[in-house]
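Data first, discussion second: the structure below is written as C-alpha cells.
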Amino acid sequence: LLFCSLLGFLLAIPNNLFSFVTFRRRPCRRNGIGHYLLCLSIINQINLGLFVARLIHIILNIATNSSASIIDDILCKLLSYLLLSTSRLVFWLSSLVAIERLY
C-alpha cells in the first residue's frame, strides 16, 4: 500500500508541476477556466504535500510502535482534515470549470 502511494506521488509531482507552469503563462489565463486551473494546480500541490506528510506520519508510527500520544492524535486528525478539505476544494473547482465550459 505504501509503495503504490509513493509511486502515485512520484507520478503526480511532474504532472502537477507541468500544469502549474502551463497555466502560469498569461495567454492560458485569458478566460476564467485558466484561472480555475491555475488554482487547481496550486491546491493539488498543497494536497500532495499533505499526502506526503500523512504518509511520513503513518510510516513513523508503524516503525516506532509508539503509543497514541496527544500530539499524534492531533496530527493525525489535522492532516486527515486538511487532505479532505483540499480534495473537496479541488472537486468544487473542477465543477466550476465544467460549468464555465458549459456556459
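Miscellaneous remarks
- Output for the stretch 29-41, where each listed residue is part of a helix (DSSP H, G or I) and surrounded by fewer than 15 Cβ atoms within 10 Å (Cβ to Cβ): G32
- Residue pairs meeting the criteria (Cβ under 8 Å; at least 6 apart or on separate chains; first over 15 Å from G49 (Cβ atoms), in the stretch 14-26; second in a helix (DSSP H, G or I) and of a type in the set (D, E, K, R)): F23/R29
- Qualifying residue in the stretch 6-16 (condition: out of contact with any Leu (no Cβ under 7 Å at 6 or more places or on another chain), surrounded by 13 or more Cβ atoms within 10 Å (Cβ to Cβ) and among the polar types (S, T, N, Q)): no
- R88 vs. criteria open to solvent by less than 80 Å² (accessible area, probe 1.4 Å), in a helix (DSSP H, G or I) and not aliphatic (A, V, I, L, M): no
- Residue check, F3 free of Cβ contacts under 8 Å to residues at least 60 places away in the same chain, touching a helix residue (DSSP H, G or I) at 6+ places or on another chain (Cβ under 6 Å) and of a type in the set (A, V, I, L, M, F, W, C): no
- Odd one out for I56 among (1) open to solvent by less than 40 Å² (accessible area, probe 1.4 Å); (2) within 15 Å of F9 (Cα to Cα): (1)
The values are calculated or read from the model by the stated rules, or taken from the named source; none is laboratory data. This one's a predicted model, so the numbers in the text were calculated from it and none came from an experiment. When we count neighbours, we look across all protein chains shown, and the Cβ atoms used for this are built from the backbone with ideal geometry, even at glycine. Note: areas computed on protein heavy atoms with side chains; ligands, DNA, RNA excluded. Shrake-Rupley method; radii C 1.70, N 1.55, O 1.52, S 1.80 Å.
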